[in-house]
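Only one structure is covered here, and it is reproduced in the block below.
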Amino acid sequence: MTEIAGAQNPLAGVLNANQIDAMVTAAEELGEGRHGVEELLTRMTKAVLERAMEAELSDHLGYEAGDPAGHGSGNSRNGKTTKSVQTLQGPVELTVPRDRNSSFEPVIVPKRARRLGKVEDMILSLYARGMTTRDIGSHIEEIYGSKVSAATISRVTDVVTDEIALWQSRPLETVYPIVYIDAIWLKIRDGGVVSNKACHVAVGVDLEGRKQVLGLWLGATEGAKFWANVLTEIRNRGAKDILILCCDGLTGLPAAVNSVYPETVVQTCVVHLLRSAMKYASYTDRKTMAKDMKPIYTAATVQAAEMAMEAFAETWGTKAPGAVLAWRNAWDDFTPFLAFTPEIRKVIYTTNQIESINYQLRKITKTRGSFPSAEAAIKLVYLGIRNIETTRGGELGTGTQGWHQALNAFAVQFPNRLPL
């Protein structure tokens, strides 16, 4: 297999064993151990890049250096300039050839480029994993021996601004059986004052069971008008129908859903409800309370759930009245859950599908005391999402078989609304 790959590689055989041995010997003469090898690689990088630019210029002019064919051609070589570029081998000083008409545009080392290879990709990757610009600069200096300012790193990460705009406006699927909406809280500086703002993340599950982050919306306050704008944007991007929207206590969202998607069922997150109730139980009582709440959310009908709720209130009304109140306050938003089959209940039982994403986002945002602007916050969250999607993919946790069962149940529960 290796021999086949080597035969297909046009660079295979360019350096034979004797040539490599000679370079290793030269590296030993340049310095001891790793330092000599690093110096050798830096010199090789410089030589290869400069030779490549000379070849590019010859191709641009149509003749080699010193070739009489260039006489009277209207353009010729015009000396060289020097510049330093950052590579994965560290900083390299290059001499860049010029032409008299200034029409030469190098491809290998573009004009004004100060970073080559995967340096910019590395900066974006480190940034997406939560490292601050100062930490990234220190890391690059420690590993590659060259300084990169915080301003430069910020400019590198700014290249995703247009990408974010395209991503936020990209077309969506026509129908989503489930959409989860949740939020992470970020500290953002605005007018010299740091305030908490919710970054709302919407995750849709498509007909194949794949999770897609539909968009990000930043807001200091919630309300029907805010959510109407969000849902209208989702609809205008092509999502004509949402069967079930799962959320937890988002002010004004149910009213907005009724206006934009009148047939959509709004379902509160059952796990969030359980957690809210459990806060009122002592540590030793939590297992008992959890056991007593189970008959409520596993009830076959609303009537059975109401009976279980009354039994729960009778047991805990005096000992943990807050837990009973949490259930009563959320009852109208909870009961839609009881109308669904077990297959559907399983996939809408909780917003954990989106909480797993938010958990990763909180890990990368918690290193920031505050963000200098809303744009900076969205940039980091977007890069975090891009990194999560790249490394983890986007399949629903129920598995393919479980999702197909749920999809069949959706088709029965919501006739004529799925393009199956």
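The values are calculated or read from the model by the stated rules, or taken from the named source; none is laboratory data. What you see is a predicted model; the values in this text were computed from it and never measured. A quick note on method: Cβ atoms are made from the backbone with ideal geometry, for glycine too, and the neighbour counts reach across all protein chains shown. Keep in mind that these areas ignore ligands, DNA and RNA; they rest on the heavy atoms of the full protein, side chains included. Shrake-Rupley method; radii C 1.70, N 1.55, O 1.52, S 1.80 Å.
Among all the lysines, which ones have a C-alpha under 30 Å from Lys319's C-alpha, if same-chain residues fewer than 8 places away are not counted?
List returned: Lys279, Lys287, Lys291, Lys294.
Per Stokes-Einstein, at 4 °C and 1.567 mPa s, what whole-number D in µm² s⁻¹ belongs to region 174-413, with the Kirkwood radius over Cα pairs as the hydrodynamic radius? Before the final figure, lay out the partial values.
Details: Rh = 19.2 Å.
Answer from the Stokes-Einstein relation: 68 µm²/s.
Of all DSSP beta bridges in region 174-413, what percent run antiparallel (nearest 5)? Provide the component values of the computation, followed by the final result.
On the way: 22 of 32 bridges.
Counting DSSP beta bridges with both partners in region 174-413, the antiparallel share is about 70 percent.
In terms of Cα to Cα distance under 19 Å, which lysines are near enough to Lys240, apart from those fewer than 8 places away along the same chain?
Lys211
Give the peptides 175-188, 56-69 in descending order of average Cβ contacts within 10 Å, highest first.
Numbers: 175-188: 21.9, 56-69: 13.6.
Peptide ranking by packing, descending: 175-188, 56-69.
Among the trypsin sites (Lys or Arg not before Pro) within region 206-263, which fall in a DSSP loop and have no more than 13 other Cβ atoms within 10 Å of their own Cβ?
On the way: sites: Arg210, Lys211, Lys225, Arg235, Arg237, Lys240; in loops: Arg237, Lys240.
In loop regions of region 206-263 (DSSP not H, G, I, E or B), the sparsely surrounded trypsin sites (Lys or Arg not before Pro) are Lys240.
On full extension of the chain, what length is gained from Glu142 through Ala290, given 0.36 nm per residue of separation minus the C-alpha to C-alpha distance? Please list the in-between numbers first.
Values: separation 148, 0.36 × 148 = 53.28 nm, distance 5.15 nm.
Fully extending the segment from Glu142 to Ala290 adds 48.1 nm.
Net charge within 14 Å of Glu173 by Cβ-Cβ distance, Lys/Arg positive one each and Asp/Glu negative one each, not counting Glu173 itself?
Numbers: positive: Arg170, Arg210, Lys211, Arg235, Arg237, Lys240, Arg417; negative: Asp206, Glu208, Asp241.
Once positives and negatives cancel, what remains is +4.
Computed FRET efficiency, Cβ-Cβ of Ser373 and Ser73, R0 51 Å: what is it to the nearest 0.05?
Working: r = 52 Å, r/R0 = 1.01.
The formula returns an efficiency of 0.50 here.
Antiparallel as a % of all DSSP beta bridges within region 196-297, to the nearest 5? Walk me through the intermediate numbers first.
Working: 8 of 12 bridges.
Beta bridges within region 196-297, antiparallel portion: roughly 65 percent.
To the nearest 10 Å², what's His139's accessible area with a 1.4 Å probe?
Accessible area, nearest 10 Å²: 60 Å².
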